[in-house]
Amino acid sequence: TGAMGDLKPAGRPTALYYSYSEDEVKMEAAIPVPGKMDVPEGMGFRTYEPFQALKIDYYGYYGDAGPAHEAMDAHMDLHGLELTGPVREVYITDPFSEPDTSKWHTEIYYPAQ
């Protein structure tokens, strides 16, 4: 049953990006759960409060999402918005059940104010 035991996910697999450059990426992989749980050594549990964010619905191969992020960065700069937390990519489509990468849906969230 793995690290989650019998606990069912409360959302889709998610990546949280704390920083991103050509040289280094600082990120976490996450699976939302419906409540607090004990986790094995080497894993962590974190609670996030609701937040306001800008959202992009991106369709395509994960590695080609760069222009979507660049467009969001430009939009935030244009409107004087500041990032208030890690950028989140929520993976809606399961690539194991959908082989056509053009149909892969990722929700990209930029917490901002």
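Of everything in the range 26-47, what is loosely packed, with under 11 Cβ neighbours inside 10 Å and assigned to a strand (DSSP E or B)? Give them in sequence order.
Ala29
If Pro40 meets every condition in (1) at pLDDT 95 or above; (2) of a type outside the set (A, V, I, L, M, F, W, C); (3) over 15 Å from the mean Cα position of the chain (by Cα) apart from one, which number is that one?
It is condition (1) that Pro40 fails.
Every residue in the range 87-108 that is more than 12 Å from Gly60 (Cβ to Cβ) and among the hydroxyl-bearing types (Ser, Thr, Tyr), please.
Tyr91, Ser97
Quick one: count up the residues across the range 1-25 that are open to solvent by 70 Å² or more (accessible area, probe 1.4 Å) and not in a strand (DSSP E or B).
8
How about the range 4-34: which of its residues are in contact with a Leu (Cβ under 8 Å, 6 or more places away or on another chain) and more than 26 Å from Tyr62 (Cα to Cα)?
Pro34
Given (1) hydroxyl-bearing (Ser, Thr, Tyr); (2) over 23 Å from Ala112 (Cβ atoms); (3) modelled with pLDDT of 95 or more, identify the lone condition not met by Thr1.
The one condition Thr1 does not meet is (3).
The values are calculated or read from the model by the stated rules, or taken from the named source; none is laboratory data. Predicted, not measured: the structure shown is a model, and the values here were computed from it. Don't worry about glycine lacking a Cβ; one is built from the backbone with ideal geometry, like all the others, and counts go over all protein chains shown. Remember, those area values only see protein heavy atoms, side chains included, never the ligands or the DNA or RNA. Shrake-Rupley method; radii C 1.70, N 1.55, O 1.52, S 1.80 Å.
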